[in-house]
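The values are calculated or read from the model by the stated rules, or taken from the named source; none is laboratory data. Bear in mind that the values here come from a model prediction, so they are computed numbers and not experimental data. When we count neighbours, we look across all protein chains shown, and the Cβ atoms used for this are built from the backbone with ideal geometry, even at glycine. When the accessible area is computed, the model is the full protein with side chains, heavy atoms only, and any ligands, DNA or RNA have been set aside. Shrake-Rupley method; radii C 1.70, N 1.55, O 1.52, S 1.80 Å.
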Amino acid sequence: MSNLNLEVNIDKSSGFCFGVVYAIEMAEDILDNEGYLYCLGDIVHNDEEVERLTNRGLKIIDHEVLKNLRDEKVLIRAHGEAPSTYQLALENNLTLIDASCPVVLKLQNRIKNSHDDDEQVLIFGKHGHAEVIGLQGQTDGKAIVFQDLSELDNVELPAKFTLYSQTTKSTDKFYHIKDELLSRGYEVKANDTICRQVSNRYEELEDFVSHYDKIVFVSGKKSSNGKVLYDVCKKHNDDSYFISNVEELDQTWFNENDKVGICGATSTPMWLMEKVKAALEKY
């Protein structure tokens, strides 16, 4: 067994954002009292954390299952839900434990107001993402969702529209898109609705990764914000590695006496980063 003598530190500002902490604490409270709880979709885009909670009695369900559920409690996770979900809950006598993130709720509300004012709504976001589905639901599905500008090339856009963003998108990209659309002659009412807890992480990460020889970025594969933050790491430290669990670590990435920084997404639990740290310190 080689002794690489790695110096390993975890980024203090990595880990769950308050929206996720809030949802998980609500779930744990009910699990402690009642032993089980339904949750609509993955409570967080991190398989390891989902597994920890399902072992405690969390039952992850999808909208199909929800349709046939009656007289139960169902947790709405931080990503939020479309109005149709709340309507269905009323019909099926379901008690919703609503852990929608306040930043997402505020955005849903603004999008609904724009739609009610007959504005064409454009949403810069990931297709099929839970948050985006909830946002589009505020417009009866009439909002145009795009994750790349090229998708708008073949779309008939009105001369004037309102632009919003999924809360975990890159701020730079959002403003680039806004400027590009303005330069194409559209009248764009742009609303920067990106969560500051996420966007502030970019600068903190840039600073963090510059102090280390190697970076291990821990995130679930499904995390949108994980992809964005990993790109920040890679841009400012080429020796950055993306893993979802300890098993994906590779000793050949490291040299003797390397300084290694561990960081993660807003959906990455601190216990998982601690586990990665412990594994690296054994090398």
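Could you check, for the range 102-122, whether at least one of its residues is on the phi > 0 side of the Ramachandran plot, part of a loop (DSSP other than H, G, I, E, B) and of a type in the set (D, E, K, R)? Taking every residue of the range 102-122 in turn, at least one turns out to be on the phi > 0 side of the Ramachandran plot, part of a loop (DSSP other than H, G, I, E, B) and of a type in the set (D, E, K, R). If the condition is being open to solvent by less than 50 Å² (accessible area, probe 1.4 Å) and not hydroxyl-bearing (S, T, Y), then the range 254-272 contributes F254, D258, V260, G261, I262, C263, G264, A265, P269, L272.
Looking at this structure, is K222 of a type in the set (D, E, K, R) and either open to solvent by 60 Å² or more (accessible area, probe 1.4 Å) or closer than 28 Å to G19 by Cβ (or both)? Taking the combined requirement at face value, the residue satisfies it.
Restricting the first member to the range 78-100 and to residues that are closer than 15 Å to I111 by Cβ, and the second to residues that are open to solvent by 30 Å² or more (accessible area, probe 1.4 Å), the beta-carbon pairs closer than 7 Å and six or more apart or on different chains are G80/L105; A82/I133. Return the only residue of S170, S165 being modelled with pLDDT under 95, outside the structural domain of H79 (by the TED database) and either open to solvent by 10 Å² or more (accessible area, probe 1.4 Å) or within 21 Å of Q108 (Cβ to Cβ) (or both). Only one candidate passes the filter, namely S170. Counting only strands (runs of 3 or more DSSP E) that fall entirely inside the range 193-283 and contain at least 1 residues that are within 30 Å of L122 (Cα to Cα) and not polar (S, T, N, Q), the qualifying elements are 259-264. Under the condition of being within 18 Å of the chain's Cα centre (by Cα) and in a loop (DSSP other than H, G, I, E, B), the residues counted in the range 31-59 number 6.
Counting only residues that are farther than 16 Å from E72 by Cβ, in contact with a helix residue (DSSP H, G or I) (Cβ under 9 Å, 6 or more places away or on another chain) and crowded, with 19+ Cβ neighbours inside 10 Å, the range 21-41 holds 1 of them.
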